[in-house]
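The values are calculated or read from the model by the stated rules, or taken from the named source; none is laboratory data. Note that this is a predicted model, so its numbers are computed, not measured. Neighbour counts run over all protein chains shown; Cβ positions are idealised from the backbone, glycine included. Accessible surface areas use protein heavy atoms only, side chains included; no ligands, DNA or RNA. Shrake-Rupley method; radii C 1.70, N 1.55, O 1.52, S 1.80 Å.
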Amino acid sequence: MACLLFLAVVAQGIPAAHKIGISWDEPFYFQTAQGIKAWAGDLGGTGTFSRERLQQVFGFRPLKNDHPPLTKLLGAVTMAALSGPLGEFWAYRFSTVLLFAALLASIYLYVSRAHGPLAALAAAALLGTMPRFYVDGHIGATDVPLSVFWFLTAVAFERACDRPRLWPLAGLAYGLCMSVKFTGFLVLVPSLVWGLVYRRREMLRPALGLLLGPAVFVLLQPAIWHHPLGGIADFVRMSLTREQWNPHWVLFLGKTYNFSGPWYYAPFLVLVTVPEVTLLLSFAGVARVLRDRLRDAVAGSSLIHFSFFMLVTAAPSAPLFDGVRLFLPAFVFVAILAGIGLDWVASTMRAAAAKTWSAGGAQAAKAAAAGVLLILAALPLARVYPFGLEYYNGLVGGIRGARAAGLETTYWWTVLTEEHLARINTLLPAGARLRFVPMDPDLHELYQALGMLRRDIQVVESGDFDYALVLSRPAWNHPKLFMALGVPQRVLEPVASLVRSEVPFWVLYKKKAGA
């Protein structure tokens with residue numbers, strides 16, 4: 001079953017990766033992966049391992065390359081292996097699809113040991129159909145890799161408590177988690193808490209095994225090979241001062257915050273971005289854990305890890321911009337609790353049916369209940385696809401209600417797909433001057449390099465323009481936007497847009513003749 005899950009996710013990932021627009025972060029990550037691939041092809045050359053060369057290829061750079069290179073390394077591997085059939089960029093992006101598939105298969109194996117195949121299949125399916133997690137599972141960024149290695153670190157630590165000879169795996173997994181982004185350093189906290197609650201006597205060796213993590217981190221950061229201790233210190237310092245050099249704004253319930261929202265930001269967004277059926281099933285899973293007085297180590301682990309994310313994001317200095325992606329691993333544990341909850345609900349229905357039906361009829365009732373719940377949980381993804389990062393559930397009135405409530409409805413440019421760029425290509429005349437708002441040169445250059453945007457179109461960063469393509473975030477649909485463009489709103493007319501549930505995702509404006 002785990003193999004079937006893996007293969008199914010990989011197979012659907014080939015077309016799905018093209019359906020989802022390119023995110024803001026991907027162009028530079030892709031360039032870095034290209035540099036890593038070129039570096040690997042020149043391993044025998046002079047100066048390949050010099051400090052300057054390693055820094056050039058792998059070095060940390062605020063605002064551009066401010067995370068460790070593991071995500072880009074994995075992208076370079078799939079790029080080298082799959083560029084022929086998929087194309088270079090899509091092969092780079094496919095590394096995330098493979099990790100997404102591996103995560104769902106691993107969840108199945110993990111949950112099935114304690115709760116059986118139904119709970120395990122439900123947990124994997126409920127995570128795989130969460131709109132926001134699904135779309136992130138097809139983007140070549142850091143959030144799904146962090147979710148994968150966070151989960152694997154937790155599992156490796158727990159298994160090492162049962163089988164002490166597995167302790168090196170805990171350290172290896174922790175090093176991989178550290179090598180995705182700074183958040184990965186923190187996984188040892190909930191893991192050790194789990195050990196103190198469930199395996200106090202057996203946790204010493206796995207806990208010591210976690211000390212291998214920094215060694216794995218150094219091994220995977222060639223930029224600090226010449227100065228490992230100083231390199232780690234510099235990375236930690238850069239990560240802890242992120243607010244000073246990357247002060248993103250956060251729009252939450254109609255108010256704009258600098259870098260971090262209020263303490264209840266994360267739990268509130270979990271409540272309004274997880275499909276309602278999955279959310280209710282996760283509550284059932286929590287109820288089962290509490291009813292059993294936390295004796296279930298698997299469910300208890302999910303509760304501990306989820307609670308840790310809610311606590312750490314409540315800190316005043318925690319970055320919380322761009323929706324839910326910065327605490328995406330929390331959704332893994334929501335899905336596991338929901339899978340356990342679904343099994344409990346379905347088993348309860350079987351027990352009720354057994355009072356009047358035969359054993360076969362009661363089992364059929366359980367299967368039917370589970371099937372209906374899984375279908376209902378998957379419907380939101382089917383409705384919103386491929387715009388899962390914009391999903392909000394009915395508790396806030398869907399995306400229309402979220403916009404009215406002052407929540408982020410669009411970010412990261414993933415709503416601008418290949419299909420939409422093809423439409424824009426037909427609308428713009430030859431040599432048109434186009435301005436993107438917000439602007440990132442790496443993004444439009446990648447569009448043109450991939451043939452998604454015509455090369456004759458002149459993308460301008462400032463000054464006069466003929467057309468403006470605006471990512472319709474609520475905070476940018478504001479008079480200040482048009483002040484930044486240097487023109488009053490009345491001289492611009494919309495000529496194309498993408499609108500869902502009366503909420504615009506992007507708008508193409510044309511400057512009126514004579515303006």
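Quick rundown of the values:
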{"item": "Ranking by accessible area, most exposed first, for Asp456, Asp25 with a 1.4 Å probe", "result": "Asp456, Asp25"}
{"item": "Per-residue SASA entry for Arg288, accessible area with 1.4 Å probe, Å² rounded to 10", "result": "50 Å²"}
{"item": "Residue order for Lys19, Lys366 - accessible surface, 1.4 angstrom probe, largest first", "result": "Lys19, Lys366"}
{"item": "In the range 339-399, chymotrypsin sites (Phe, Trp or Tyr not before Pro) in a DSSP loop with at most 14 other beta-carbon atoms within 10 Å", "result": "Trp357"}
{"item": "From phi via Karplus (6.51, -1.76, 1.60), per-residue ³J(HN,Hα) for the range 212-228 in Hz, x at Gly/Pro", "result": "5, x, x, 5, 5, 4, 4, 4, 8, 10, x, 5, 10, 4, 7, 8, x"}
{"item": "Residues with amide H under 5 Å from that of Val503, placed H, sequence gap 5 or more", "result": "none"}
{"item": "Karplus (6.51, -1.76, 1.60) ³J(HN,Hα), θ = phi - 60°, over the range 235-249, in Hz, Gly and Pro reported as x", "result": "5, 5, 4, 4, 5, 6, 10, 4, 4, 6, 10, 9, x, 4, 8"}
{"item": "Amide hydrogen neighbours beyond the local backbone of Val460, cut-off 5 Å, H modeled", "result": "Leu434, Arg435, Phe436"}
{"item": "Per-residue HN-Hα couplings for the range 272-278 [Karplus 6.51, -1.76, 1.60; θ = phi - 60°; Hz; x = Gly/Pro]", "result": "9, 10, 8, x, 4, 5, 4"}
{"item": "Cβ-placed point charges (K, R +1; D, E -1), dipole of the chain about Cα centre in debye, nearest 20", "result": "960 debye"}
{"item": "Relative contact order, percent, the range 188-282 [alpha-carbon distance under 8 Å, six or more residues apart]", "result": "10 percent"}
{"item": "Ile139, Ile14, reordered so the largest accessible area comes first (probe 1.4 Å)", "result": "Ile14, Ile139"}
{"item": "Lys/Arg +1, Asp/Glu -1 at C-beta; the range 291-379 dipole; positive extreme among Ala362, Ser307, Val324", "result": "Ala362"}
{"item": "Area accessible to solvent at Thr426, 1.4 Å probe radius, in Å²", "result": "110 Å²"}
{"item": "Calculated mean projected area of the Cα convex hull in nm² (choose from [x] 37.1; [y] 26.3; [z] 38.2), label", "result": "[y]"}
{"item": "Theoretical ellipticity at 222 nm over the chain - DSSP helices of four or more residues, -39500 (n - 2.57) apiece, nearest 500", "result": "-19000 deg cm²/dmol"}
{"item": "Mean-position separation - Cα centroids, the range 145-216 and the range 255-286, in angstrom", "result": "26 Å"}
